[in-house]
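The structure appears below as structure tokens.
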Amino acid sequence: MNNIKNKLSETPVINTGLETFKQQLKLKVHQYGDFQFEDDSWYYSKKHRTTAEKAAYTINFSTIPQEFKVLIKYFALMLDYGVPVIKGKISRINLFLEFFRNEFPSMPLSKINRKIIDYYEKYLREKDDLSDNIRNRRYGVLQDFFSKMSAFPEFPNKVSIKSKNPFQVESKTDPNKYIPTEVVKQFDEIMKNENHEIPDAFRLAYWLQRSFPNRITEVTSIPFNCLKPLYNMYVINIPTPKQSGGYITAEIKTIPVLNSGHGKFIVELIKKVQKQTKELLKKYSVDDKDKNFLLLSLRFNLTSNNGKIVSYSSGETYHKLLEFRKKYPNDTNKQLSAKLNLAGYSIPKYTVRDRLRMGISEEYITLEPYTSPRFNNTLNRIAELCNVTDSNGKIYKISSHQFRHNATTDRLYIGGYTMDQVMAIRNDKGTTMPMHYVHQQKEMHKQMWMESTGLKSPTEAPVEFKGRIFNLDDPKVIERLSKDPRMYLTWEANSKKGVGLCSMISSCKPDGTSIHFECYECNWFVPKAQYYEDYKIELSYWQDIMNNTAGQPKRAATFENATKNVNCLERIIQICENGIERHTEEIRQKVNTGVIQ
């Protein structure tokens, strides 16, 4: 199937003739689903191999003006991407065409030129409600669109579009994506507590998401036979359709797991869920597209009873009711209700009557996979029931994708993985996404560095400003440094030497690092706050190096060194800010008391 697709996508438009090419494009719809080219709704059922909802794999053309609809359908069939990406491109092209028709009502598409593209750029720039990211995407799709449609007579042969997108987007990673350690520990404790009636399928989804840098759709879409033995270990096979581009068959990501410790825990949990799912499939119906997934369960609600999470499933209770009716055919509704309650199924007699008479809705007795919304809703429900809070005491709002960021960051710093190794386990095709983890790596380094060196906090560390030394307790040292500070000047910033003092007045005895003259990492170092701006310039220099070398395996040592220097300088700057603030407060007090007129 992939070979057919490749041949179609590579077919030269000019050599075969436009009409032949159009017919070839129309034939492609049969590769993707049971729909016709003329339909306004295209459900790519043959690409739908994950637990994502049907809407994610459906392209709707009903909102596109009739004038452009057929052309955009041809464009969609020329795109070799995943369905969500194609949907996004079509939506953005439709917005451009709406703009074009509103601004130039009688102009044909073939007259579109650079002036109109520039006018659209101006329009995007002046829309205050659009982010730079949205502007970037809306402009960026034009090159792809006009390039692919140039063979159609309705379009110009060539439209001069800026090769460099005028809307540049800075890559910023939200620090809140990293789940705080104290929050993760709370969730881990809950998920390991077997007293809680949390479905094992959900527990497994949690631990696969928690332990490896997976996408939630990869985790929830793992096949029933995902576990393969390999010598003294196991391999977990996880499909990753996002990385397979527009191809129907998903790539398989293999995750090796040792059969010991936490790895053994996950392996045993997979085996346990395999048995449970096998039994569930005997009892309940399942949608044909979901029948090969491992993580399936009936709909359930979670409540709390004296600190214990309790799970209730209407479908399971109904199945048990039918089982008891068959076992006790002569019992009254009241007697059946009593027996069910003793068995742990709380169901009043009037509900017994109604269920036996009317049955139950099909949705409650159908096994469903764990979609991303279902996983997130369940996890946040657990957070509410068990009072999972952050450092401010607020219930932590969590999303599945945060675990992917945690697993990546932890491997880069705590696990000692290289960027190449992380890219392999994530199955990334480039360094774009790993580059986004610079902030987390820096913060992780900062935490480990502060803990390992025992450095004082910025508010407690000594600092000198305008002849005054703060946070230094030894009067003899203060006297010596104040009497002849030039003898103890050390280190440099922004090409200026002597930006601090060494308070170890006898000789260099590193405190915080085993290396001599690593002043930034030493508690004896007293930064001179008058060089505050120079420290900031030095910080900017190292931040640029850190960002430019992130994701480059050959420059890993440079990245590590730059990250260390960034954290050192941020601490020094905070120390200087504290010194300036202390000095300002002293002056204010002297003015208030009349010491200074």
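Quick notes on this one:
- Of all residues making up the range 244-262, the number that are assigned to a helix (DSSP H, G or I) and either crowded, with 17+ Cβ neighbours inside 10 Å or modelled with pLDDT of 85 or more (or both): 1
- The condition (being free of Cβ contacts under 8 Å to residues at least 24 places away in the same chain and either outside the structural domain of ARG49 (by TED's automatic domain parsing) or basic (Lys, Arg) (or both)) is satisfied by just one residue among ASN157, ASN102, ASN165, ASN195: ASN157.
Every residue, every condition in (1) over 24 Å from LYS87 (Cβ atoms); (2) at pLDDT 85 or above; (3) part of a loop (DSSP other than H, G, I, E, B); (4) among the basic types (Lys, Arg), yes or no:
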| residue | (1), (2), (3), (4) |
| --- | --- |
| PHE146 | no, yes, no, no |
| GLU170 | yes, no, yes, no |
| GLU182 | yes, yes, no, no |
| ILE190 | yes, yes, no, no |
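- Restricting LYS497, LYS466, LYS476, LYS483 to residues that are closer than 22 Å to CYS568 by Cβ and loosely packed, with under 15 Cβ neighbours inside 10 Å narrows the list to LYS497.
- Within the range 78-112, the set of residues being basic (Lys, Arg), surrounded by 14 or more Cβ atoms within 10 Å (Cβ to Cβ) and either modelled with pLDDT of 95 or more or under 20 Å from SER150 (Cα atoms) (or both) comprises LYS89, ARG92, ARG101.
- Filter result for GLU323 (outside any loop (DSSP other than H, G, I, E, B) and surrounded by fewer than 18 Cβ atoms within 10 Å (Cβ to Cβ)): yes
- Taken over the range 326-354, the criterion of being loosely packed, with under 14 Cβ neighbours inside 10 Å and closer than 20 Å to GLU279 by Cβ is satisfied by LYS326, LYS327, ALA343, GLY344.
- Among (1) without any contact (Cβ under 8 Å) to a residue 60 or more places away in the chain; (2) over 30 Å from GLU194 (Cβ atoms), the one test that GLU362 misses: (1)
- Residues of the range 69-87 classified as farther than 24 Å from ASP287 by Cβ and either assigned to a loop (DSSP other than H, G, I, E, B) or more than 28 Å from the chain's Cα centre (by Cα) (or both), total: 12
- Unique match (being more than 24 Å from ASP390 (Cβ to Cβ) and more than 19 Å from the chain's Cα centre (by Cα)) among GLU189, GLU218, GLU194: GLU194
- Filtered by the rule that a residue be surrounded by 13 or more Cβ atoms within 10 Å (Cβ to Cβ) and charged (D, E, K, R), the range 355-383 gives ARG355, GLU368, ARG374, ARG381.
- Qualifying residue in the range 56-68 (condition: under 30 Å from ASN292 (Cα atoms), of a type in the set (Ser, Thr, Tyr) and either not in a loop (DSSP other than H, G, I, E, B) or not assigned by TED's automatic domain parsing to the domain that holds ASP144 (or both)): yes
- Any hit, the range 201-217, residues being farther than 28 Å from ALA56 by Cα and either part of a helix (DSSP H, G or I) or polar (S, T, N, Q) (or both): no
- Restricting attention to the range 500-510 and to residues that are surrounded by 13 or more Cβ atoms within 10 Å (Cβ to Cβ) and of a type outside the set (Gly, Ala, Ser), the residue that is nearest to CYS522 (Cα to Cα) turns out to be PRO510.
- Condition check for VAL267: assigned by TED's automatic domain parsing to the domain that holds ALA383 and either surrounded by 14 or more Cβ atoms within 10 Å (Cβ to Cβ) or assigned to a strand (DSSP E or B) (or both): yes
- Conditions (1) without any contact (Cβ under 8 Å) to a residue 40 or more places away in the chain; (2) touching a strand residue (DSSP E or B) at 6+ places or on another chain (Cβ under 7 Å); number of the one not met by THR51: (1)
- If you go through the range 333-358 and keep only what is free of Cβ contacts under 8 Å to residues at least 12 places away in the same chain, more than 14 Å from TYR312 (Cβ to Cβ) and touching a helix residue (DSSP H, G or I) at 6+ places or on another chain (Cβ under 9 Å), you end up with GLN335, ALA338.
- Yes/no for TYR81 being touching a strand residue (DSSP E or B) at 6+ places or on another chain (Cβ under 8 Å), under 30 Å from PHE293 (Cα atoms) and not β-branched (Val, Ile, Thr): no
The values are calculated or read from the model by the stated rules, or taken from the named source; none is laboratory data. In this text, all values refer to a predicted model and were calculated from it rather than measured experimentally. All Cβ positions, glycine included, derive from the backbone under ideal geometry; neighbour counts span all protein chains shown.
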